[in-house]
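The numbers here are math on the coordinates, done by the rules we state, and not lab data. This is a predicted model, so every value here is computed, not measured. Note that each Cβ is placed from the backbone with ideal geometry, even for glycine, and that neighbours are counted across all protein chains shown.
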Amino acid sequence: MINIRLLPALLLLVSCNVSAGSRVLDNWTSTERVLISSLLIDNLGPLALDPSNKYADSPIVAKLGKKIFNDQRFSVNSKVSCSSCHQKNYNFTDKLMQAKGVGLTSRRSMSIVGVAYQRWFFWDGRNDSLWSQALAPLENAVEHGISRTRVAQLIFKHYRKVYQQAFDKLPNITPDNYPVTARPDNNDTVSHQQWLAIPDRDKEHITRIFVNTGKAIAAFVRTLKPAPALFDIYARAVVSDDSPGLNSLNAQQKKGLRLFIGKGKCINCHNGPLLSNGEFHHIGVPDKIGTDFGRSIIINNIINNEFSCMSQWSDADPKTDCAHVRFLDADVARYLRAFKTPSLRDVATRPPYMHAGQFDTLSGVLKHYRQISGTELADEVFHDHITDEDIDQLVAFLNTLTSLNNINAGQ
Amino acid sequence: MERNAIILCIGLLISSQVLANDTVGEVVRQRPDKVNTSTTAASSKGVFTASYRVKNAERQVIPLNTIHSWQLHVNAQEGTSLSGLQVQFSSTMPEHLHGMTTKPKISSTGSSGQYLMEGMNFHMPGWWEITLKLSNDGVEDFVHFNLLVGEGEHRHNNNKS
């Protein structure tokens, strides 16, 4: 029971706490605090298991993957590796508007930092696992331009020992007996005919080595995670009522954060600790090279991909795993010109922006959003009225998402 | 007996569908000041009462951008649990004119009045509306649930299931 004589003192204490609380919270409402907390990198947590890749968290497999990731021999001209486009000193992307492998692609390289937390891969999400994503550029004519047969030859020649430590014993085959360009292709190509001529048993062995190569690269890419940024220091302070930490952002940056989670509605798509929902949206980005229909083109091919999560090469149980594929809404119309929401972690350090590098600056991106908001140019962009001052504040906030250990990257 | 059970199961599988999610012609609706996030709701004409729980969630919070399942329970107005209903589903964010990017599957669990809704995923924070069309022997009615996703803990008001 409360002593009635202490009541005035108690009320005063409560009143002081409320007052101090308001100050400490930087005037954020309880809902805003939850939204800020949802962006905090601490909530990223450990990576979930990847049931489609039983080697995903094997250090020795990741070590092999890292070597292959940086190995230019895995390209038709021996000049291109994964790291050619996913450059360590540029947030694992590059400065080009369109990725350049052995030829020119039609889209920009995506940063792969933290990508293992997502469900879909590539700008259009045509691959449903990280390891299957890693395989696609190898056999793409304008990226690495090689074949799975060539991959098997390279593994036998240069990685025999470490491969066998990481995976099973290499099969008793001689990949060098087969044409370097032999690979399955949808067209009636020489490569395809060469592939068809290989005995089935050896085709299986070669494809298994190819798949394991992808799983090794994926195991390495899983280790690439974003580091805390200035925003995270501030968000921790907001969440934990830590007064000194509230000074980590200046007034301009805080206004930008308020716009980001409020009037600007950026958080609709850029949510979670990666500031991306990993989903696909039509945001009216102008075409660059013809019309790019984005996810709509591939949405019905996902499940039939040779290396899908439900395929024989996946380690997942297709009945209980691969929920993102099993429950996918494959309605073509809703994905017309839709592209994946990129993470905004480190975004200020790695222009240009959008799927074909359409914008050089973050302010250019935001002005585009303002221009198309609420129009028929985009299906779901509603940002209210954004002023030039708002754009400056949002850019100031986006600059606080740069990892503190990466503060000079890209400069 | 066993044959009847198989026929019933097939019937239930067929009866669970997803409502058309086409938002063409709709207009953006602004979020009201107060949103009723009750997890139990009576149907529009009062024929049914439905409630849901997030499966395998100790704290009954709708997860943001995570594929998960709901356990749905349907009663008749007088309280009898109803199995074997045709359950159709749609989701929308009234402020955005779109719904989920997944296509949930709804099936009867075999327990009285219980259904499993698999593949639920709310990929954006904010106000969501879930509509269930329940049909029983030619009687149809709609149940609406409002959700505020990613904005804090919205616990179940009712744990009946």
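Kindly state, to the nearest 0.05, the FRET efficiency for B:GLU140 paired with A:LYS367, given R0 = 45 Å and r defined as their beta-carbon distance.
Numbers: r = 48 Å, r/R0 = 1.08.
According to the calculation, E is roughly 0.40.
In chain A, with Lys and Arg counted as +1 and Asp and Glu as -1 at Cβ, which of these residues, A:ALA323, A:THR375, A:SER81, has the Cα nearest the positive end of the dipole, that is, farthest along it?
So the residue we want is A:SER81.
Counting DSSP beta bridges with both partners in chain A, what percentage is antiparallel, nearest 5? Mind showing how you got there, number by number?
Values: 7 of 8 bridges.
Of the beta bridges lying entirely in chain A, close to 90 percent run antiparallel.
Calculate the FRET efficiency for A:LEU49 and A:GLN312 from the Cβ-Cβ distance with a Förster distance of 30 Å, rounded to the nearest 0.05. Could the numbers behind the result be given before it?
Numbers: r = 20 Å, r/R0 = 0.66.
FRET efficiency, A:LEU49 to A:GLN312: 0.90.
Give me the mean projected area, in nm² to one decimal, of the convex hull enclosing the Cα positions of the range A:257-403.
Numbers: hull surface 41.0 nm².
Average projection, Cα convex hull of the range A:257-403: 10.2 nm².
Please report how far the C-alpha centroid of the range A:104-170 lies from that of the range B:80-147, rounded to the nearest whole angstrom.
Each part's Cα centre sits 39 Å from the other's.
Pairs of alpha-carbon atoms within less than 8 angstrom and 6+ residues apart define the contacts here; what relative contact order does the range A:286-364 have, in percent? Before the final figure, lay out the partial values.
Numbers: 67 pairs, mean separation 25.3, N = 79.
About 32 percent, as a whole number.
For chain A, take every pair of Cα atoms, bin their distances at 10 Å starting from 0, and report each bin as a whole percent.
Taking all Cα pairs of chain A, the binned fractions are 4, 20, 28, 23, 13, 7, 3, 1, 1, 0 percent.
How about A:LYS367: which lysines have a C-alpha closer than 23 Å to its C-alpha, ignoring those fewer than 8 places off in the same chain?
Answer for A:LYS367, where 23 Å is the Cα cut-off: A:LYS95, A:LYS254, A:LYS255, A:LYS263, A:LYS265, A:LYS288, A:LYS340, listed by chain and number.
Among A:ARG337, A:ARG258, A:ARG160, which one moves the most in a GNM of chain A with springs linking Cα atoms closer than 10 Å?
Its mean-square fluctuation being the largest, the pick is A:ARG160.
With labels modelled as points extended 7 Å from the Cα through the Cβ direction, what inter-label distance (nm, one decimal) is found for B:ALA76 paired with A:ASP392?
Those two pseudo-labels are separated by 6.8 nm.
Which angle between 0 and 90 degrees, to the nearest 10, do you get for helix A:362-372 versus the longest principal axis of chain A when only C-alpha atoms count?
Helix A:362-372 sits roughly 80 degrees off the main axis of chain A.
What is the mean projected area of the alpha carbon convex hull for the range A:208-269, to one decimal in square nanometres?
Working: hull surface 26.0 nm².
The number I arrive at for the range A:208-269 is 6.5 nm².
For the range A:324-408, build the convex hull from the C-alpha positions and give me its volume per residue in Å³. Please list the in-between numbers first.
Working: hull volume 11.1 nm³, N = 85.
Taking the convex hull of the Cα positions in the range A:324-408, it is 131 Å³ per residue.
Roughly what angle does helix A:251-261 make with the longest principal axis of chain A, taking Cα atoms, 0 to 90 degrees, to the nearest 10?
Approximately 60 degrees, to the nearest 10.
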